[in-house]
Amino acid sequence: MRRILAYLKPYLSSMILGLMIKFTGTIMDLLLPWILAYIIDDVVPLRDVELILIWGVAMILCSVIAVVANILANRMASKVAKDATEVIRHDLFVKISHLSGSQVDAFTIPSLESRLTSDTYNIHRMVGMMQRLGVRAPILLLGGIIVTLSMEPVLSLVLIFVLPFTGLLVYVVSQKGIPLYTGLQQAIDSLVRTVRENIAGIRVIKALSKTNYEKQRFSDVNAEVVKAEKKASIAMALTNPMMNLLLNMGLTLVIIVGAYRVNTGLTQPGKIIAFLTYFTIILNAMLSITRMFVLYSKGSASADRICEVLDASEDLKLESKDHVDNGYHITFHQVSFSYNKGEYNIDDISFSLKQGETLGIIGATGSGKSTLIRLLLRLYDIDKGEIRIHGDNIRSIPPKELHTKFGIVFQNDILFADTIAANIDFGRGLSRDQIEAAADSAQGKEFIHSLTDSYDHMLTSKGSNLSGGQKQRILLARALAASPEILVLDDSSSALDYKTDALLRKALGQKFQNTTTIIIAQRVSSILYADHILVLEDGKALGYGTHEQLLQSCESYREISQSQMGGESIG
Ligand code: ATP
Ligand code: MG
């Protein structure tokens, strides 16, 4: 919470000014009933119309000042809340994009999403509310009590009699209400998660006729939300009628006691009227304070969730320069790694690639192929061994510098809702020539030109208006576009037919001679010509060498090769 409050510092002067304006407006609000009482009790009996008019104008002035000041202060408060939340959201976003892979795994992506959206929104509401009511409600409450006490001490006893009941009501409701709203929030979270899964998997759901099953699943979480919402609203629905009941009972009491006192000449009617207004003001202030508590507790829970991310220690620290001259472009030296720090997902892997060489990686699903790439990009830190690029330990290369070395197509990579050209450019400011050349190498030129607006063709989110092969071609073009030092293709030619795959390899061989390439593939034919081939199983290297060598030495490789292409050798 303290950390979040620090975000308000730059707005301190604007907040103080806003609160001063608010203060003025609130005092005017408090003054109004007092003036009314004065007019009724002291001015009207004088039968001086001019004097009545003067005080009437004073009342109008007060109410105009009150309204203008309130609007002004509320606008300023909204601006502060909006601006401060913007900075918080920005910092959170930056921090999230710097989290290591294992930190993201620990927070989970849906949770990070809701911290970035609904939690920052709760902060927004809290900051806004605190400014709008933080000064106003206590002043109305205290000021109201002080004015009434000095005006009519006996009638104030009624107030003092009613206040503990409202206090109790407020306490019970906030004790009961807050956990209920937390429950509601959780139900909504799981609703959102289900919808997200459902939409992400809409095609497979339809293909496997799971629509009814999914409908049921949605109905279940939906019902859960309704139940939680009902529970919370019913509990909360009690507040307003109860509060009104207390208020009206109080007002009735004031009138009864007041009438008696006016009758016996102990007080004047104007005071009773003013008292009724003050009574309402005070109880409403009480209600506002409750609302503030609810928003505060929600906001502070959200602040904690945000701070958890903001304060996450920097996992992937930049280490001091660690260089050895080994003449290789990429070296893995006895690298081991485990996601959950148990059994190794990558176990004692070593290989060395010279500049311009190609490494093919092949292995069953779950054998650790993609993991190897994540380690090379330092999305996770390895547990044992060393990874070097040009002799530099990757722990000593600044992340930005490290990542710009790569052109990469991840497995199941994502296209964005933008034009084809923008998807290939990816914010790197490439020229049209570079983009077209990359599309050409990626074997995508033909299909892009067949579109009426070619490179300006708009893609839908995730490129869902393209076929699998078309998507892969654009992703490949994106990876190739900036002429990267290292090219990594994770299962990114699986949707290309054999002929296109071969053309792609030819283009890579011709135009990207100096680019060190790592190709992960299911098909032996995609990696056949690689300078080195790594056969993975359960994170261990079953074999390492060229196609010919592996056919001789590696039983599993021979089997895969035989099943796919009859065990041919190059030649
Ligand atoms: P595929 O051919 O299906 O893409 P892969 O060889 O690329 O498989 P990896 O994604 O590298 O496989 O996964 C290797 C192992 O690590 C798997 O057993 C997987 O369950 C595990 N794993 C992958 N990602 C994580 C993660 N974020 N947290 C925990 N375990 C993970
Ligand atoms: Mg993979």
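Can you work out which of the residues in segment 97-126 that are in contact with a Phe, Trp or Tyr (Cβ under 9 Å, 6 or more places away or on another chain) and away from ligand 1 (no atom under 16 Å from the Cβ) is nearest to ASP189 (Cα to Cα)? If you could, list the steps in order and put the result at the bottom.
Looking only at segment 97-126, we keep the residues that are in contact with a Phe, Trp or Tyr (Cβ under 9 Å, 6 or more places away or on another chain), and these are 99-102, 105, 115-116, 123, 126.
Those still in the list that are away from ligand 1 (no atom under 16 Å from the Cβ) too: 115-116, 123, 126.
Working: ARG115: 11, LEU116: 13, ILE123: 18, MET126: 21 Å.
Filtering first and then ranking leaves ARG115.
Going residue by residue through segment 275-294, is there one that turns out to be over 30 Å from PRO164 (Cβ atoms) and of a type in the set (D, E, K, R)?
Within segment 275-294, the first condition is being over 30 Å from PRO164 (Cβ atoms), and the residues that meet it are none.
The answer is no, given that none of the residues of segment 275-294 is over 30 Å from PRO164 (Cβ atoms) and of a type in the set (D, E, K, R).
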Matching option when the condition is of a type in the set (S, T, N, Q), out of contact with any strand residue (DSSP E or B) (no Cβ under 8 Å at 6 or more places or on another chain), open to solvent by 20 Å² or more (accessible area, probe 1.4 Å) and within 15 Å of ligand 1 (Cβ to nearest atom), among ASN345, ASN340: ASN340
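What do you reckon, is ARG374 surrounded by fewer than 21 Cβ atoms within 10 Å (Cβ to Cβ), more than 11 Å from ligand 2 (Cβ to nearest atom) and not aliphatic (A, V, I, L, M)? Let's see the steps before the verdict.
On the way: surrounded by fewer than 21 Cβ atoms within 10 Å (Cβ to Cβ): yes; more than 11 Å from ligand 2 (Cβ to nearest atom): no; not aliphatic (A, V, I, L, M): yes.
Spelling it out, it is not the case that ARG374 is surrounded by fewer than 21 Cβ atoms within 10 Å (Cβ to Cβ), more than 11 Å from ligand 2 (Cβ to nearest atom) and not aliphatic (A, V, I, L, M).
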Any hit, segment 264-279, residues being part of a helix (DSSP H, G or I), in contact (Cβ under 8 Å) with a residue 12 or more places away in the chain and under 42 Å from the mean Cα position of the chain (by Cα): no
Qualifying residue in segment 501-511 (condition: open to solvent by 30 Å² or more (accessible area, probe 1.4 Å) and within 16 Å of ligand 1 (Cβ to nearest atom)): no
Boolean, TYR380 is within 16 Å of ligand 1 (Cβ to nearest atom) and surrounded by fewer than 21 Cβ atoms within 10 Å (Cβ to Cβ): no
Total residues in segment 457-511, condition at pLDDT 80 or above, within 14 Å of THR419 (Cα to Cα) and among the charged types (D, E, K, R): 2
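Of everything in segment 348-365, what is open to solvent by 70 Å² or more (accessible area, probe 1.4 Å) and within 16 Å of ligand 2 (Cβ to nearest atom)? Give them in sequence order. Before the answer, list the steps.
Looking only at segment 348-365, we keep the residues that are open to solvent by 70 Å² or more (accessible area, probe 1.4 Å), and these are 348, 354-355, 365.
Hit for segment 348-365 is THR365, nothing else.
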Selection count, segment 393-404, where residues are in contact (Cβ under 8 Å) with a residue 40 or more places away in the chain, touching a strand residue (DSSP E or B) at 6+ places or on another chain (Cβ under 9 Å) and either part of a helix (DSSP H, G or I) or open to solvent by 30 Å² or more (accessible area, probe 1.4 Å) (or both): 2
Residue match in segment 408-420 (condition: away from ligand 1 (no atom under 16 Å from the Cβ), over 30 Å from SER320 (Cα atoms), part of a helix (DSSP H, G or I) and open to solvent by less than 10 Å² (accessible area, probe 1.4 Å)): yes
Unique match (being open to solvent by less than 50 Å² (accessible area, probe 1.4 Å) and more than 30 Å from GLU308 (Cβ to Cβ)) among ILE71, ILE39, ILE60, ILE65: ILE39
Conditions (1) within 16 Å of ligand 2 (Cβ to nearest atom); (2) in a strand (DSSP E or B): number failed by LEU542: (1)
ARG89 being charged (D, E, K, R) and within 25 Å of GLU113 (Cβ to Cβ): yes
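Output the residue which, of all residues in segment 256-265 that are of a type in the set (Val, Ile, Thr) and surrounded by fewer than 17 Cβ atoms within 10 Å (Cβ to Cβ), is nearest to VAL158 (Cα to Cα).
Here is the first cut: in segment 256-265, the residues of a type in the set (Val, Ile, Thr) are 256-257, 262, 264.
Remaining after also requiring surrounded by fewer than 17 Cβ atoms within 10 Å (Cβ to Cβ): 256, 262, 264.
Working: ILE256: 11, VAL262: 16, THR264: 18 Å.
Per the criteria, the residue is ILE256.
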Residue count for segment 312-337, restricted to those that are away from ligand 1 (no atom under 16 Å from the Cβ), under 28 Å from the mean Cα position of the chain (by Cα) and open to solvent by less than 70 Å² (accessible area, probe 1.4 Å): 1
Segment 421-435: number of residues that are under 30 Å from LYS321 (Cα atoms) and open to solvent by less than 70 Å² (accessible area, probe 1.4 Å): 0
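Out of the residues in segment 127-141 meeting the condition of being under 24 Å from SER302 (Cα atoms) and not hydrophobic (A, V, I, L, M, F, W, C), tell me which one is most open to solvent (accessible area, probe 1.4 Å).
The selected residue is ARG132.
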Residue in segment 454-466 that is open to solvent by 70 Å² or more (accessible area, probe 1.4 Å) and within 29 Å of ILE361 (Cα to Cα) present: yes
Enumeration of residues in segment 491-500 that are open to solvent by 10 Å² or more (accessible area, probe 1.4 Å) and of a type in the set (Gly, Ala, Ser): SER493, SER494, ALA495
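Within segment 512-525, count every residue that is within 16 Å of ligand 1 (Cβ to nearest atom) and open to solvent by 10 Å² or more (accessible area, probe 1.4 Å).
The initial filter retains those residues of segment 512-525 that are within 16 Å of ligand 1 (Cβ to nearest atom), namely 518-524.
Now narrow it down to the ones that are open to solvent by 10 Å² or more (accessible area, probe 1.4 Å): 519, 522-523.
Here the count works out to 3.
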Condition check for LEU489: more than 18 Å from GLY407 (Cβ to Cβ) and touching a helix residue (DSSP H, G or I) at 6+ places or on another chain (Cβ under 9 Å): no
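Residue by residue, here is whether (1) assigned to a strand (DSSP E or B); (2) touching a residue at least 12 places away in the same chain (Cβ under 8 Å); (3) open to solvent by 40 Å² or more (accessible area, probe 1.4 Å) holds:
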| site | (1), (2), (3) |
| --- | --- |
| ARG473 | no, yes, yes |
| LEU476 | no, yes, no |
| ALA479 | no, yes, no |
| LEU489 | yes, yes, no |
| LEU536 | yes, yes, no |
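The values are calculated or read from the model by the stated rules, or taken from the named source; none is laboratory data. Just so you know, these numbers come straight off a predicted model, no measurement behind them. Methodologically, a virtual Cβ is constructed for each residue, glycine included, from the backbone with ideal geometry; neighbour enumeration extends over all protein chains shown. These accessible areas exclude ligands, DNA and RNA; they are computed on the full protein's heavy atoms, side chains included. Shrake-Rupley method; radii C 1.70, N 1.55, O 1.52, S 1.80 Å.
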